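Q: Here it is, the structure in full.
The values are calculated or read from the model by the stated rules, or taken from the named source; none is laboratory data. For clarity, every value in this text was computed on a predicted model and none was experimentally measured. Neighbour counts are summed over all protein chains in view; Cβ atoms, including those assigned to glycine, are modelled from backbone coordinates with ideal geometry. Ligands, DNA and RNA are stripped out before the accessible areas are found, and what is left, the full protein with its side chains, is counted by its heavy atoms. Shrake-Rupley method; radii C 1.70, N 1.55, O 1.52, S 1.80 Å.
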Amino acid sequence: MPIITKITQQQKNKERYNIFLDGKYAFSVDEEVLARYQLGKNKELTDFDIGEIEYDDEIRKGFNKALVYLSYRMRSEHEIQVYLKEQEMGDASIEEVLHKLRKYGYVNDSEFAKAFVNTQLRTSDKGPRHLSNALREKGISPSIIEETLEAVSEEEWLERAQQVMEKVIKKNTKQSKLQIKKKGQDTLSRKGYEGPVVNAVLSELHIERDVDEKWAAIYSQAKKAHSKLSRKYEDYEYIQRMKQTLFRKGFAMEEIDQAIEHIKTEESRQE
């Protein structure tokens, strides 16, 4: 059987030791593994002993790497698993590392999910579907995701969705109410809101505009339509196309007629 002939401390990592068997370097171990197996000079090791030592040392190295990885922020079990695989650890060793992390309270997917959702509620305007997808990508189980999101009241989701809608209104002052409603619906859906919350926001939608703001909206949309349609159509067909386009955007016919007449006047002055 091989015999330990020398043990030296590594220069770059004082907590690791190089093991020499029969005068040749064989492997290195963590200080804790060295003590647990009582490794010392002249100790004989079987192949089975060496396999056990190397396996336990891999777990120890993985545990230490995981602690460093966790020092930056909370991680889900899946994130740690992916990270350790990138470190070329075996599946059995990774599971043992995760077991130790759970035992000492370093990982807890339920607590991770709660912290993640709370952070998103403070720093973003994303809705429940978006947060659910994000947690799923981090490997959180469906039951934990459901439990975590259910802890957020419908009133809070509604208030957040209303804030999103208010931003849409402020950014689209030159669009019709119908356009804003459609854009708001698309924005809410993209941000992960759906169902009763979206319907409630849209049903309570109120856009107050004075005369100047209304005119700025219809005029802006009419100019865009004119720029496109005047190149293809003339006279009656042009006017009909303009009316159809602006009516579909949600403007009243009176506003449309006024805008078309205004643009015609502008065009005649430029000739």
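Q: For the condition farther than 30 Å from N133 by Cα, open to solvent by 30 Å² or more (accessible area, probe 1.4 Å) and either aromatic (F, W, Y) or at pLDDT below 90 (or both), what is the one hit in F247, F251?
A: Working: F251 fails: open to solvent by 30 Å² or more (accessible area, probe 1.4 Å).
F247 is the lone residue from the list that is farther than 30 Å from N133 by Cα, open to solvent by 30 Å² or more (accessible area, probe 1.4 Å) and either aromatic (F, W, Y) or at pLDDT below 90 (or both).
Q: Here is a list of conditions, (1) closer than 30 Å to V152 by Cβ; (2) among the small types (G, A, S); (3) open to solvent by 50 Å² or more (accessible area, probe 1.4 Å), and S268 meets all of them except one; can you say which number that is?
A: Going through (1) closer than 30 Å to V152 by Cβ; (2) among the small types (G, A, S); (3) open to solvent by 50 Å² or more (accessible area, probe 1.4 Å) one by one, S268 breaks only (1).
Q: Might you let me know whether segment 154-174 holds any residue that is touching a residue at least 60 places away in the same chain (Cβ under 8 Å), open to solvent by less than 80 Å² (accessible area, probe 1.4 Å) and either farther than 23 Å from K249 by Cα or not in a loop (DSSP other than H, G, I, E, B) (or both)?
A: No, segment 154-174 contains no residue that is touching a residue at least 60 places away in the same chain (Cβ under 8 Å), open to solvent by less than 80 Å² (accessible area, probe 1.4 Å) and either farther than 23 Å from K249 by Cα or not in a loop (DSSP other than H, G, I, E, B) (or both).
Q: If I filter segment 6-45 down to residues being part of a strand (DSSP E or B) and open to solvent by 50 Å² or more (accessible area, probe 1.4 Å), which single residue comes out as farthest from K65 (Cα to Cα)?
A: E44
Q: From the set of residues in segment 194-215 that are over 10 Å from L158 (Cβ atoms) and of a type in the set (G, A, S), which is least open to solvent (accessible area, probe 1.4 Å)?
A: Only one residue fits best here, namely G195.
Q: A further question follows. I want to confirm something. Restricting to segment 102-141 and keeping residues that are of a type in the set (G, A, S) and in a loop (DSSP other than H, G, I, E, B), which single residue is least open to solvent (accessible area, probe 1.4 Å)? If you could, list the steps in order and put the result at the bottom.
A: Within segment 102-141, the subset of a type in the set (G, A, S) is 105, 110, 113, 115, 124, 127, 132, 134, 139, 141.
Now restrict to residues that are in a loop (DSSP other than H, G, I, E, B): 105, 124, 127, 139, 141.
Details: G105: 58, S124: 30, G127: 0, G139: 35, S141: 42 Å².
Once the filter is applied, the top-ranked residue is G127.
Q: Which pairs have Cβ atoms under 7 Å, sit 6 or more apart or on different chains, and link a residue in segment 207-219 that is closer than 16 Å to E254 by Cβ to one that is of a type in the set (G, A, S)?
A: So the pair list comes out as A217/S176; I218/A259; Y219/A259.
Q: How many of the residues in segment 175-197 are of a type outside the set (K, R) and in a loop (DSSP other than H, G, I, E, B)?
A: 6
Q: State which residue is nearest to T123 (Cα to Cα) when the search covers only segment 179-193 and only residues that are surrounded by 15 or more Cβ atoms within 10 Å (Cβ to Cβ) and among the charged types (D, E, K, R).
A: K191
Q: Now for a separate question. Check segment 205-213 and report whether any residue there is assigned to a helix (DSSP H, G or I) and more than 30 Å from Q163 (Cβ to Cβ).
A: Going through segment 205-213, the residues assigned to a helix (DSSP H, G or I) turn out to be 211-213.
Retained after the next criterion (residues that are more than 30 Å from Q163 (Cβ to Cβ)): none.
The answer is no, given that none of the residues of segment 205-213 is assigned to a helix (DSSP H, G or I) and more than 30 Å from Q163 (Cβ to Cβ).
Residue-wise test of (1) at pLDDT 95 or above; (2) in contact with a Gly (Cβ under 8 Å, 6 or more places away or on another chain).
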site	(1), (2)
A134	yes, no
S143	yes, no
E166	no, no
T173	no, no
L188	yes, yes
P196	no, no
N199	no, no
S203	no, no
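Q: While we're looking at this one, here's another question. Considering segment 2-33 alone, what residues qualify as being in contact (Cβ under 8 Å) with a residue 12 or more places away in the chain and over 20 Å from G62 (Cβ atoms)?
A: Of everything in segment 2-33, those that are in contact (Cβ under 8 Å) with a residue 12 or more places away in the chain and over 20 Å from G62 (Cβ atoms) turn out to be P2, I3, I4, T5, K6, I7, T8, F20, L21, D22, G23, A26.
Q: Scan segment 46-67 and tell me whether some residue there is surrounded by fewer than 13 Cβ atoms within 10 Å (Cβ to Cβ) and either in a loop (DSSP other than H, G, I, E, B) or of a type in the set (K, R) (or both).
A: yes
Q: Hey, does segment 229-237 have a residue that's under 16 Å from Q179 (Cβ atoms) and either at pLDDT 85 or above or not in a helix (DSSP H, G or I) (or both)? Reasoning before the result, please.
A: Narrowing segment 229-237 to residues under 16 Å from Q179 (Cβ atoms): none.
So far as segment 229-237 goes, no, none of its residues is under 16 Å from Q179 (Cβ atoms) and either at pLDDT 85 or above or not in a helix (DSSP H, G or I) (or both).
Every residue, every condition in (1) closer than 30 Å to R122 by Cβ; (2) not aliphatic (A, V, I, L, M), yes or no:
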| residue | (1), (2) |
| --- | --- |
| A200 | yes, no |
| E204 | yes, yes |
| W215 | no, yes |
| S230 | no, yes |
| E234 | no, yes |
| K243 | no, yes |
